[in-house]
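Trainee: This structure is in C-alpha cells; I'll ask about it shortly.
The values are calculated or read from the model by the stated rules, or taken from the named source; none is laboratory data. Keep in mind that this is a model prediction, so the values were computed, not measured. FYI the Cβ positions are ideal-geometry reconstructions off the backbone, even for glycines, and counts take in every protein chain you see. Heads up: the accessible areas ignore ligands, DNA and RNA and are worked out on the full protein's heavy atoms, side chains in. Shrake-Rupley method; radii C 1.70, N 1.55, O 1.52, S 1.80 Å.
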Amino acid sequence: MIKLGCDDSLPRLWKWVEANEVMDVRDGTHDSPKSVNDGVPLVTSKNLVGGKIDFSTCNLISQEDHLAISKRSAVDDGDILYAMIGTIGNPVIVEKSQNFSIKNVALFKFTKSSEVFNRFIYHFLNSKLAVRQFESNSRGGTQKFVSLGNIRSLKIPLPPLDEQKRIAAILDKADAIRRKRQQAIDLADDFLRSVFLDMFGDPVRNPKGWEVKAVEELSIRVTKGESPKWQGFEYCSSGVRFITSENVLWGKLDNRIKYIPEAFHEKLKRSQVQHGDLLINLVGASVGRACLADIEDKTANINQAVAVTTFNQTEIISELALIQVLLPSVQRVLLGNAVDAARANVSLKNIRELEFVVPPMGLQLEFMERVSVFRELENKFAQSNQSDLFNSLSQKAFAGEL
C-alpha cells in the first residue's frame with residue numbers, strides 16, 4: 001500500500017480520487033509505425049522535455065498511421081502528456097501548434113465540464129506525492145516503465161475547482177521564478193559552449209587542426225556497472241551511492257540518491273566511480289546524456305545503463321571532454337552508432353572509439369579559468385535553493401496547507 005504522507009486526512013471539501021474517476025486517461029500506440037521522410041511527428045517519452053514537446057527530435061509517420069492512432073488517442077489543446085517509459089514523468093500541457101501522434105506516453109484528457117483543472121493536475125504530477133506512487137509501481141531494469149493501469153489508479157487529493165485554480169496560480173508563479181533561475185544557469189552553460197567553439201572550433205569538423213584522439217587513448221578506463229538484482233543484492237536505505245541513467249542529466253548529476261550495500265560495491269571494483277569521471281547513458285530514451293560525477297570524496301557505483309570514463313588528466317581535462325560530448329555534432333556521431341531496436345543503445349566500444357579534439361594543455365587550462373567563473377555563478381544560484389523552496393510549497397499545496 002502506498003504511504004501518501006504523514007497523514008492521509010484532507011481538509012474539509014477535499015477528497016481522495018483516482019485519476020480515472022475524474023479524467024479520461026489513455027495512452028498512445030504500442031506499435032512502431034514505419035518512419036517516413038515527410039509526415040506527422042510521433043511523440044514519445046524522450047520528446048517531453050522541460051514542460052514542452054521537442055518536435056525536432058521526433059520521428060515522422062504517415063498520415064494514414066497518424067489517423068489510425070488518433071482514433072483512440074487524439075490529442076487536444078489543454079490535454080496533459082506524461083512519459084511512461086525511461087525517465088518517467090516530465091508532464092506537458094499541450095499547446096497544439098500542429099498535429100501529432102503519441103507512443104509510450106499517457107494522455108490525460110480534459111473537458112470544459114470537468115471537475116478538475118489541468119494546471120492543478122500538471123503540478124500534482126510533478127509533486128513528490130505523485131512521484132512516490134509511480135516509483136513504487138514502476139517496473140523494468142535498465143529502462144523503467146509504469147503501466148496505464150497504475151496511472152489510472154493514481155490517487156489525487158482533490159479540492160473544489162475554485163481552490164484548484166487558486167493553488168495552481170500560486171504554483172505557476174513559484175515555478176516561473178524557479179525556471180528563470182534555471183534559465184540563467186542554462187545561459188551560462190550555453191555561453192561556455194560558445195567559448196569552447198570560439199577557442200577550439202567544432203570538434204567533428206576540427207577547422208583549427210587540433211590533434212584528435214579516441215576516448216580509449218585518453219582514458220585510464222572505460223567500463224559500466226551491473227544491476228544489483230542480477231547479483232542477488234537489493235537497494236537499501238543507506239550505504240554506497242548508486243548512479244543510474246535517471247541520475248545522469250544533460251551536464252548535471254541528479255541529486256536523487258539510491259543506495260547499494262557495501263558488499264556489492266566492493267564486488268564491482270571495476271565500476272567504482274571517482275569524482276570527475278565522465279558518465280554517459282547507454283540505453284533508452286536518455287541515451288547520450290552525459291555529466292561529470294560530482295561526488296567529491298564520497299563513494300559511488302553505477303548500473304549497466306551507464307558508462308564511466310576516467311580520463312588521464314595529463315591528456316585531456318574532464319570538463320573539456322564533457323563539453324565536447326554534449327555538443328550536437330558529437331551527439332550525432334555518438335547516436336549514429338546507436339542500435340535502433342526496441343530501445344536505442346550505444347556500446348562501450350562506441351564510447352571507446354568516440355574521438356575528441358585535444359588542444360595543448362596550456363589552452364585547456366586557459367579554458368578552465370573561464371569555466372571556473374561560470375561554475376561560481378551556478379553555485380550561487382544553487383545555494384538559493386529555489387527548487388527546494390518550490391518542492392516545499394508544492395508539498396504544502398497538496399496537503400491543503402496553502
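Trainee: With a 1.4 Å probe and all protein chains left in place, how much of the accessible area of the chain comes from carbon and sulfur atoms, in whole percent?
Mentor: Whole-percent figure for carbon plus sulfur exposure: 50.
Trainee: Taking a ≥ b ≥ c as the square roots of the Cα gyration tensor eigenvalues, with a/c under 1.5 meaning rounded and otherwise prolate when a/b beats b/c, else oblate, which class fits region 123-213?
Mentor: Oblate, because a/c is 1.5 or more while a/b does not exceed b/c.
Trainee: Could I ask something else about it? Compute the helix-to-body angle for 63-73: its Cα long axis versus the longest principal axis of the chain, expressed 0 to 90° and rounded to tens.
Mentor: For 63-73 against the chain, the angle is about 50 degrees.
Trainee: Cross-link partners among aspartates and glutamates for residue 144, C-alpha distance below 17 Å, same-chain residues fewer than 8 apart left out?
Mentor: Here the aspartates and glutamates satisfying the reach criterion relative to residue 144 are 27, 135, 226, 234, 246, 254.
Trainee: In debye to the nearest 20, how big a dipole does the chain give about its Cα centre with +1 on each Lys and Arg Cβ and -1 on each Asp and Glu Cβ?
Mentor: 780
Trainee: Follow-up. Remind me, relative contact order of region 84-179 in percent, using alpha carbon pairs under 8 angstrom and six or more residues apart?
Mentor: Relative CO of region 84-179 lands at 36 percent.
Trainee: Can you give me the accessible area per residue for the chain, using a 1.4 Å probe, in Å²?
Mentor: 50
Trainee: Another one. Hey, rough spin-label estimate for residue 20 and residue 135, points 7 angstrom out along Cα→Cβ, what's it come to in nanometres?
Mentor: 2.5
Trainee: Could I ask something else about it? Can you tell which of 264, 394, 326 lies farthest toward the positive end of the dipole of the chain, using +1 and -1 charges on the Cβ of basic and acidic side chains (Lys, Arg; Asp, Glu)?
Mentor: With unit charges placed on the Cβ atoms, the residue in question is 394.
Trainee: Report, in listed order, any pair from 128/258; 229/396; 252/298 with a Cα-Cα distance greater than 25 Å.
Mentor: 229/396
Trainee: Straight-line reach only, C-alpha to C-alpha below 20 angstrom: list the lysines that residue 34 could link to, leaving out same-chain residues fewer than 8 apart.
Mentor: Once the sequence-local lysines are set aside, what remains near residue 34 is 46, 71, 103.
Trainee: Could you give the length gained on full extension between residue 231 and residue 56, defined as 0.36 nm per residue of separation minus the Cα-Cα distance, in nm?
Mentor: Difference between extended and current length: 59.0 nm.
Trainee: How high is the FRET efficiency from residue 74 to residue 198, r the C-beta distance, R0 41 Å, rounded to 0.05?
Mentor: After rounding to 0.05, the efficiency reads 0.30.
Trainee: Another question about this same structure. Counting only GluC sites (Glu not before Pro) that sit in a DSSP loop (anything but H, G, I, E, B) with at most 15 other Cβ atoms within 10 Å, what is the longest stretch of the chain containing none of them?
Mentor: Counting at most 15 other Cβ atoms within 10 Å as exposed, the longest clean stretch of the chain is 116-233.
Trainee: What full-extension length gain, to one decimal in nm, is calculated for residue 172 and residue 372 as 0.36 nm per residue of separation minus the Cα-Cα distance?
Mentor: Gain on stretching residue 172 to residue 372: 68.7 nm.
Trainee: Something else: For an R0 of 41 angstrom, estimate the FRET efficiency from the Cβ-Cβ distance between residue 97 and residue 314 and round to the nearest 0.05.
Mentor: Computed FRET efficiency for residue 97 and residue 314 comes out at 0.25.
Trainee: Taking the dipole about the Cα centre of region 174-225, with the C-beta of Lys and Arg at +1 and of Asp and Glu at -1, give me whichever of 188, 203, 214 is farthest to the positive side.
Mentor: 188
Trainee: With only Lys, Arg, Asp and Glu charged, each at its Cβ (+1 for the first two, -1 for the last two), find how big the charge dipole of region 234-278 is about the Cα centre; round to the nearest 20 debye.
Mentor: Around 80 debye, computed over region 234-278.
Trainee: Between rounded, prolate and oblate, where does the chain land on the alpha carbon gyration tensor, with a ≥ b ≥ c its root eigenvalues, rounded for a/c under 1.5, else prolate if a/b exceeds b/c?
Mentor: Prolate, since a/c reaches 1.5 and a/b exceeds b/c.
Trainee: Considering the options 100, 283, 67, tell which one lies farthest towards the positive end of the dipole of the chain, charges being +1 on Lys and Arg and -1 on Asp and Glu at the Cβ, about the Cα centre.
Mentor: It is 67.
Trainee: Also: Please work out whether region 274-364 counts as rounded, prolate or oblate from its C-alpha gyration tensor, where a ≥ b ≥ c are the square roots of the eigenvalues and a/c under 1.5 means rounded, while otherwise a/b larger than b/c means prolate and anything else oblate?
Mentor: It comes out oblate by the Cα gyration axes.
Trainee: Enumerate by residue number the trypsin sites (Lys or Arg not before Pro) in region 169-211 meeting two conditions: DSSP loop (anything except H, G, I, E, B), and at most 15 other Cβ atoms within 10 Å of the site's Cβ.
Mentor: 205, 208
Trainee: Here is a further query. With +1 assigned to the C-beta of every Lys and Arg and -1 to the C-beta of every Asp and Glu, and no other charges, what is the dipole magnitude of region 71-200 about the Cα centre in debye, to the nearest 20?
Mentor: Around 460 debye, computed over region 71-200.
Trainee: A follow-up question, please. Angle check, please: helix 161-200 long axis (alpha carbons) against the longest principal axis of the chain (alpha carbons), in degrees 0 to 90, nearest 10.
Mentor: 10
Trainee: List the trypsin sites (Lys or Arg not before Pro) in region 47-122 that DSSP assigns to loop (not H, G, I, E or B) and whose Cβ has at most 12 other Cβ atoms within 10 Å. Which are they?
Mentor: Of the trypsin sites (Lys or Arg not before Pro), the ones in loops of region 47-122 whose Cβ has at most 12 other Cβ atoms within 10 Å are 96, 112.
Trainee: May I pose another question? In nm, what is the difference between 0.36 nm times the number of residues separating residue 179 and residue 395 and their Cα-Cα distance?
Mentor: Extending this stretch completely gives an extra 75.9 nm.
Trainee: A further question follows. Can you give me the distance in nm between label points at residue 9 and residue 205, each placed 7 Å from the Cα along the Cα-to-Cβ direction?
Mentor: According to this spin-label approximation, the distance is 6.7 nm.
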